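So the structure is just underneath, and the comments pick up after that.
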Amino acid sequence: MKRILILLICFFVCGCSQMEGGTLKGLQDDFDKFRINDIKYIYSLAQEYKEKTGYFPFEKESNEIPTIVVFESVKQSSYHKGNYPIMVDLESRGKPEAPKKINIIIYSDFYEEVGTVLSKQLIRKFDPQKVPTKKPCVYIYVVYKNIIDVSAFLHNDLFFTRNLSPFNNKLAISSYDYSYPDFGLWNLKDLENLSEYKAFIATPLNRPGYDNVLDEEHNKNL
């Protein structure tokens, strides 16, 4: 009887969502929506900060050297060990020479700086996947030459992403006035007006509310 019950449970769990790239596709579909919303949130904080100060977070330090903020939890960091791609888009920054070095800042410095200026409690955002498999589980904020972009790595190869490898697709939201679809780099207004983006975001979540559970988990000790 126990064996039959276990088999039925396994059949139910596996039947709910197919495996793809070593993970459940239905869950990754949800995660991609969470990822998009998370980088939109980080981007909105940077824009709100600029409205208050006249410049983006860490912009003053980044005219000659790009400043990079990596958003990863302690657990994610223990798996990554710094092994993830950091790409500085030069096309949207007037095609300067490639920088010889970069300045990397941890996510807590970003939230401390932005939170102090905005005078409000912020929500720490991390990729919903705790352990990297086919892609890195990070968000990356880049400020350089007065332009910012915020990136995530999605499971799905979508019309508006840049495929890096199987189940590893980059999406960046940029403050630049124009978009570069081939690079997966979008002005937010262009992205939100895109029919393919609207269609993907509009599909129902397989696990509604799980993003709120993750936010509570990441922010419970604040």
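Coordinate-derived values only; no laboratory data. Values in this document were obtained by computation on a predicted structure and should not be read as measured data. Here Cβ is always computed from backbone atoms with ideal geometry, including for glycine, and neighbour counts include all displayed protein chains.
The table below gives the values:
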read-out	value
Nonlocal amide H pairs with W186, under 5 Å, H built at 1.01 Å	A172, I173, S174, Y180
Helix 25-53 axis, angle to the chain major axis (alpha carbon atoms, nearest 10°)	20
Overall form of the stretch 96-175 per C-alpha gyration tensor (a/c, 1.5; a/b vs b/c)	oblate
Taking V74, V138, V131 and counting other C-beta atoms within 10 Å, the order from fewest to most	V74, V131, V138
Helix axis angle, 2-16 relative to the chain longest principal axis, alpha carbon, degrees	40
21 Å Cα-Cα reach of K60 towards lysines, excluding residues that sit fewer than 8 places from it in its own chain	K50, K52, K95, K100, K101, K145
Stretchable slack from M19 to S108, in nm (0.36 nm times residue separation minus alpha-carbon distance)	28.6 nm
Over the chain: helical MRE at 222 nm, DSSP H runs n ≥ 4 each giving -39500 (n - 2.57), nearest 500	-12000 deg cm²/dmol
Whole-Hz ³J(HN,Hα) from phi, Karplus 6.51 cos²θ - 1.76 cosθ + 1.60, for the stretch 121-134, glycine and proline x	6, 9, 9, 6, 10, 9, 3, x, 8, 6, 10, x, 10, 8
GNM result for the chain, Cα springs below 10 Å: residue of V70, V117, V150 fluctuating most strongly	V117
The stretch 174-222 - Kirkwood radius from inverse mean 1/r over Cα pairs (Å)	13.4
Backbone HN-Hα couplings from phi across the stretch 156-167 [Karplus 6.51/-1.76/1.60, Hz, Gly and Pro as x]	8, 7, 9, 4, 9, 10, 10, 6, 9, 6, x, 6
Calculated Cα Rg over 2.2 N^0.38 Å (choose from [x] 1.08; [y] 1.55; [z] 1.13), label	[x]
Gain on full stretching of the segment that runs from S119 to L205 - 0.36 nm per residue minus C-alpha separation	27.7 nm
Within a Gaussian network of the chain (alpha carbon springs, distance under 10 Å), most fluctuating of L191, L90, L45	L90
